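**Student:** What follows is a structure written as structure tokens; I'll ask about it next.
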Amino acid sequence: MAKINDNFLKLPGSYLFSAVAEKSAAFSAAHPDKELIKMSIGDVTLPLAPSVTKAMRAAVDEMGTAAGFHGYGPEQGYDFLREKIAEKDYIARGANISPDEIFVSDGAKSDCGNIGDIFSTDNTVAVCDPVYPVYVDTNAMAGRAGDFIGGKWSKLIYMPCVEENGFLPELPKERADIIYLCFPNNPIGVAMTKEQLKPWVDYARENNSVILYDSAYEAFITDENVPHSIYELDGAKEVAIEFRSFSKTAGFTGTRCAYTVVPHELKLGGTELNPLWNRRQCTKFNGVPYIVQRGAEAVYSDEGRRETREAIKYYLENAKIIREALTAAGFTVYGGVNAPYIWAKTPNGETSWDFFDRLLNDANVVTTPGSGFGPSGEGYVRFTSFNTRENTIKAMEKIKNMNL
Ligand SMILES: *Cc1c(COP(=O)(O)O)cnc(C)c1O
């Protein structure tokens, strides 16, 4: 008899955002007259930059000509894009990354999940708590997480990010072979300075561990001392893989383009990881559309930079409005300075889901319950700043009028 991968059966039932969507839909069905303001899922709302759509239109026209037609492209991405990324995202910041260390893909979510293919299932894995669920669930599917018991995976190392430690993880006491870090952070919205990140690079170097560094929110950094890439730190190329995406940077959530950096210096037992990831991608992935890569390239033009930065500024202004309004209403809030997320403590020690329900029913605002991101998220809800200015202001007005 054929057998399934029974690790899938160990996964807890309802995915966080499906539960949020179900509750929102039930509310709307019961109250068709009430308009819900969604500040839950991390999806952008502003349209693509004009320079991006212009480049994509030109690429569409090219594709309709015999001379400009493109079939299968290189699995790793076109040189024109890999070279731009190396130059503008790395060399410009003093990180010496070469184009052949960059792998263009259809998303940081898929790359964060697929990267497990090149690592043994024997590795111990450390994750922040609360955390972006993709790191946890993909390791569970691969059999690296053990069993889900009492809200926790038996084999994962949880690194609590709580008020007492300023929401920054502490180095694991147990040996961690693979460490996921995401800064600026989702879901909490906090960032790490260079000084705060350095001990992690040192730890990985001393323990032969690998850091999987997700910097999907790099474009939201406003503080000077927050690194945009882990490779801004000395020695990081020997221990880290970095994930980046055009999703939040340039509004590509529906367009799909991202990249992963695997430096040649990164070796385990003398074996370079770069050719392993290359082999994996060439076997299981057939590249990002030419049209989309031309759009991504346009993000690096002067015009593209200016336009995409305007959009980020708009979201960060929303974040400021949320932070200030919630603080004025008596909430304790974190994040929202170098990230589009605001982490708000529930009033009166309410659970995340109880307060989620109250916000839904009394203010018609949809948030994400912190407990859905891990046990240490209990007692918090996450607000995103990706809605329109108008809706952000309206939502804050409604919360202000709530009976807290
Ligand atoms: C949004 C997000 C990404 C980007 O995923 P894509 O698949 O590139 O859209 C990656 N990591 C985190 C933590 C995110 O929140």
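**Student:** Roughly speaking, what % of Cα-Cα pairs in the chain are separated by over 34 Å, rounded to a whole number? Intermediate values should be presented prior to the final figure.
**Tutor:** On the way: 25183 of 81406 pairs.
Of all Cα-Cα distances in the chain, 31 percent exceed 34 Å.
**Student:** Another one. For the stretch 163-236, which trypsin sites (Lys or Arg not before Pro) pass both filters: DSSP loop (anything but H, G, I, E, B) and at most 14 other C-beta atoms within 10 Å?
**Tutor:** Working: sites: LYS173, ARG175, LYS194, ARG205; in loops: LYS173, ARG175.
The qualifying sites are LYS173, ARG175.
**Student:** Give a residue-ordered list of calculated ³J(HN,Hα) values for the stretch 313-324 (Karplus: 6.51 cos²θ - 1.76 cosθ + 1.60, θ = phi - 60°; whole Hz; x for Gly, Pro).
**Tutor:** 3J(HN,Hα) across the stretch 313-324, in whole Hz: 4, 4, 5, 5, 5, 4, 4, 5, 4, 5, 4, 5.
**Student:** Still on this structure: Add +1 for every Lys or Arg and -1 for every Asp or Glu among the other residues with Cβ under 12 Å from the Cβ of TYR341, and state the total.
**Tutor:** Values: positive: LYS248, ARG323, ARG382; negative: none.
Charge balance in the 12 Å sphere: +3.
**Student:** Quick one: check the C-alpha center-to-center distance for the stretch 112-147 versus the stretch 236-271, whole angstrom.
**Tutor:** 17 Å
**Student:** Also, quick follow-up: Dipole of the chain (Lys/Arg Cβ +1, Asp/Glu Cβ -1, origin at the Cα centre): which of TYR90, GLY372, ILE115 lies farthest to the positive side?
**Tutor:** Selected residue: GLY372.
**Student:** How much net charge surrounds SER120 when only the other residues with a Cβ under 12 Å from the Cβ of SER120 are counted, with Lys and Arg +1 and Asp and Glu -1? Don't jump to the answer; show the numbers that get you there.
**Tutor:** Numbers: positive: ARG144; negative: ASP117, ASP122, ASP177.
Net of charged neighbours comes to -2.
**Student:** Determine Rg/Rh for the stretch 185-251; Rg is computed over alpha-carbon atoms and Rh is the Kirkwood hydrodynamic estimate from the same atoms.
**Tutor:** On the way: Rg = 12.1 Å, Rh = 12.5 Å.
My calculation puts Rg/Rh at 0.97.
**Student:** Another one. Under the classification rounded if a/c is under 1.5, otherwise prolate if a/b is larger than b/c and oblate if not, where does the stretch 1-70 fall, given a ≥ b ≥ c as square roots of the Cα gyration tensor eigenvalues?
**Tutor:** Working: a/c = 3.61, a/b = 1.39, b/c = 2.60.
Note, shape of the stretch 1-70 comes out oblate.
**Student:** Provide the per-residue ³J(HN,Hα) series for the stretch 140-147, in order, calculated from phi with Karplus coefficients 6.51, -1.76, 1.60 and θ = phi - 60°, each as a whole number of Hz, with x at glycine and proline positions.
**Tutor:** Once rounded to whole Hz, the list reads 5, 4, 7, x, 8, 9, x, 10.
**Student:** DSSP loop (so not H, G, I, E, B), at most 11 other Cβ within 10 Å: list which trypsin sites (Lys or Arg not before Pro) in the stretch 358-404 pass both filters. Present the calculation step by step, with values, prior to reporting the outcome.
**Tutor:** Numbers: sites: ARG358, ARG382, ARG389, LYS394, LYS398, LYS400; in loops: none.
Within the stretch 358-404, no trypsin sites (Lys or Arg not before Pro) qualify (loop, at most 11 other Cβ atoms within 10 Å).
**Student:** Find the centroid of the Cα atoms in the stretch 157-227 and in the stretch 330-404, then give the distance between the two in whole Å.
**Tutor:** Comparing the Cα centres of the stretch 157-227 and the stretch 330-404, I get a distance of 24 Å.
**Student:** Just check the stretch 40-134 against the gyration tensor rule for me: Cα atoms, a ≥ b ≥ c as the square roots of the eigenvalues, rounded for a/c under 1.5, and otherwise prolate or oblate depending on whether a/b exceeds b/c. Write down the numbers at each step before the final one.
**Tutor:** Values: a/c = 1.85, a/b = 1.58, b/c = 1.17.
It comes out prolate by the Cα gyration axes.
**Student:** Not counting the cut sites, what is the longest span of the chain without chymotrypsin sites (Phe, Trp or Tyr not before Pro) that DSSP labels loop and that have at most 14 other Cβ atoms within 10 Å?
**Tutor:** Details: sites that count: TYR15, PHE69, TYR72.
With chymotrypsin sites (Phe, Trp or Tyr not before Pro) excluded where exposed in loops, the chain gives 73-404 as its longest stretch.
**Student:** How big is the dipole moment of the stretch 39-88 about its Cα centre under a simple scheme where the beta carbon of each Lys and Arg is +1, that of each Asp and Glu is -1, and everything else is neutral? Debye, nearest 20, please. Let's see the in-between values first.
**Tutor:** Details: 5 positive and 7 negative charges, 34 e Å.
The dipole of the stretch 39-88 has a size of about 160 debye.
**Student:** Can you tell me which of SER28, SER105, SER51 moves the most in a GNM of the chain? Springs connect C-alpha atoms under 10 Å apart.
**Tutor:** Of SER28, SER105, SER51, the most mobile in the Gaussian network model is SER28.
**Student:** Quick check on the stretch 320-369: take the gyration tensor over C-alpha atoms, sort the square-rooted eigenvalues as a ≥ b ≥ c, and tell me if it's rounded (a/c under 1.5), prolate or oblate. Please report the intermediate quantities before stating the final value.
**Tutor:** Working: a/c = 1.70, a/b = 1.60, b/c = 1.06.
Prolate, since a/c reaches 1.5 and a/b exceeds b/c.
**Student:** Then there is this: Are there any GluC sites (Glu not before Pro) in the stretch 198-264 that are in a DSSP loop and have at most 11 other Cβ atoms within 10 Å? List them by number.
**Tutor:** Numbers: sites: GLU206, GLU218, GLU224, GLU232, GLU238, GLU242; in loops: GLU224.
When the GluC sites (Glu not before Pro) of the stretch 198-264 are filtered for loop state and at most 11 Cβ neighbours within 10 Å, GLU224 remain.
**Student:** Taking the Cα centre of the chain as origin, work out the dipole magnitude from +1 charges on Lys and Arg Cβ and -1 charges on Asp and Glu Cβ, in debye rounded to 20. It would help to have the intermediate numbers written out before the result.
**Tutor:** On the way: 42 positive and 53 negative charges, 125 e Å.
That gives the chain a dipole magnitude of about 600 debye.
Values quoted throughout were computed directly from the atomic coordinates according to the rules given, and no laboratory measurement underlies them. Computed from a prediction, not measured in an experiment: that's the story for all the values here. Here Cβ is always computed from backbone atoms with ideal geometry, including for glycine, and neighbour counts include all displayed protein chains.
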